[in-house]
Structure formats: structure tokens, C-alpha cells
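Below: one structure, written as C-alpha cells.
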Amino acid sequence: MQHTASSSTPLRRRTVLGTGALSLLLAGCGFKLRGAQEFSFTSIYFNGGESSLVLGELRRTMQSNAQLQVITDAKQLNSAQVVLDVLQDQREKTVVGVTSSGQVREFQLRLRFKFKLRNQAGRELIAESEILQQRDISFNETAVLSKEAEEAQLYRNMQSDIVQQVQRRLAAVRSV
């Protein structure tokens, strides 16, 4: 059977109509791609946690926002509208599975980040909050190097998740 232009036209029409209907459906439900976060404040200072990897990534991410000034010099702390106090940034690794001979078979990785947000007057805008991410990882002593790389990747993924959650919480603050 030979296809002609006229036999493929209804199929093409249905595809175009289906795509258009799907677009209208997504637009009608309020679906919108996530863009840059909008904050009710224009400047922020990060207090504490100088060795915090989560804070480092959060600072870099927020510096890319053109509407927000990230103050890094402690001498200019008074010019920041809000201050994010880092209370804890902790990585944990615990054994959750062993073999009958006592060899480790599974670990649980945790990344715990505690913070609070306040304005210059000292009023808490976000009370002390903790975000906890955890992942399980199997362990095999014959593949130690690859498991170390997998562990590092899991920590990086948890760190990025925490940064996104902190940004969403900061964007939810409405009054400074």
C-alpha cells in the first residue's frame, strides 16, 4: 500500500490538534515552569557556617539572582535587609545493614541543615528550621572506590535538594 499526502494529512492534523489540546490543558491547570525565585527582600547576609558546603552552594545560587544582593562582607552586615543564621550543617553516616559475619552491607547517609531567618530588627521571619535529607547506599568491599564516588554524588544531590528547599522557604517570606 502506497501512502499519499492525503492519507497522512488526517494523522498530521490529529497530532497537531492533540499537541494543542495538551498545551491548553497544561496552561489551564496553572502549570508553569519554575523560574527564578522572587523574594520580598532585596539584600541578604549569611551568618555562620563558613565551612558549610550547603551554605556555599546556597550563596552561589542566590548570587545569580539579579534582583538580590548577597552581602558577603561582615562589615556591611547592617546594610542587609535579612540575615540567614546557619545553626547546623552536619553530614552523618550510619550502618543500617550487616551480614551474618558482621560485615557492613548498607549505610544510611544523612545531611542535616538548621537555619533561621531574621530581619535587622531581630524579628524572626523564619523560626529555627531543620531540613533533613537521607539516602541509603549499599556497600561492597570489592568496589570501595566506586562506592565512595557514589556516596559523594548522593551527598551532592542531597545538598542541592536542601538548597532548593531553603530558597522556596525564603521566597515564601512576605513581610520583612
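Read the figures in this text as sums done on the coordinates, not as results from a lab. If you're wondering where the values come from, they're calculated on a predicted model, not measured in any experiment. Here the Cβ is made from the backbone with ideal geometry for all residues, glycine too, and neighbour counts use every protein chain on show.
Work through the residues other than Ile137 whose Cβ is under 15 Å from its Cβ and net out their charges, Lys, Arg +1 and Asp, Glu -1. Present the calculation step by step, with values, prior to reporting the outcome.
Working: positive: Arg91, Lys93, Arg105, Arg110, Arg135, Lys147, Arg156; negative: Glu92, Glu106, Asp136, Glu141, Glu148, Glu150, Glu151.
Result for the neighbourhood of Ile137: 0.
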**Asked** Restricting attention to the range 39-107, which GluC sites (Glu not before Pro) occupy a DSSP loop and are surrounded by at most 11 other Cβ atoms within 10 Å?
**Response** Glu50
**Karplus-derived HN-Hα couplings along the range 125-141 (A = 6.51, B = -1.76, C = 1.60, θ = phi - 60°), whole Hz, x at Gly and Pro** = 9, 10, 5, 3, 10, 10, 10, 10, 10, 9, 9, 9, 9, 6, 10, 9, 5
**Request:** Per DSSP H run of at least 4 residues, take -39500 (n - 2.57); add these up for the chain, divide by its residues and hand me the 222 nm value, nearest 500 deg cm²/dmol.
**Result:** -12500 deg cm²/dmol
**Asked** By the scheme Lys and Arg +1, Asp and Glu -1, what is the net charge of all other residues having a beta-carbon under 15 Å from that of Gln108?
**Response** +2
**Prompt:** Which loop-located trypsin sites (Lys or Arg not before Pro) does the range 62-148 contain, where loop means any DSSP state but H, G, I, E or B and the Cβ has at most 15 other Cβ atoms within 10 Å?
**Reply:** Arg123
**Fill in**
Rounded to the angstrom and largest first, Cα extents along the principal axes for the range 38-172 equal 59, 26, 26
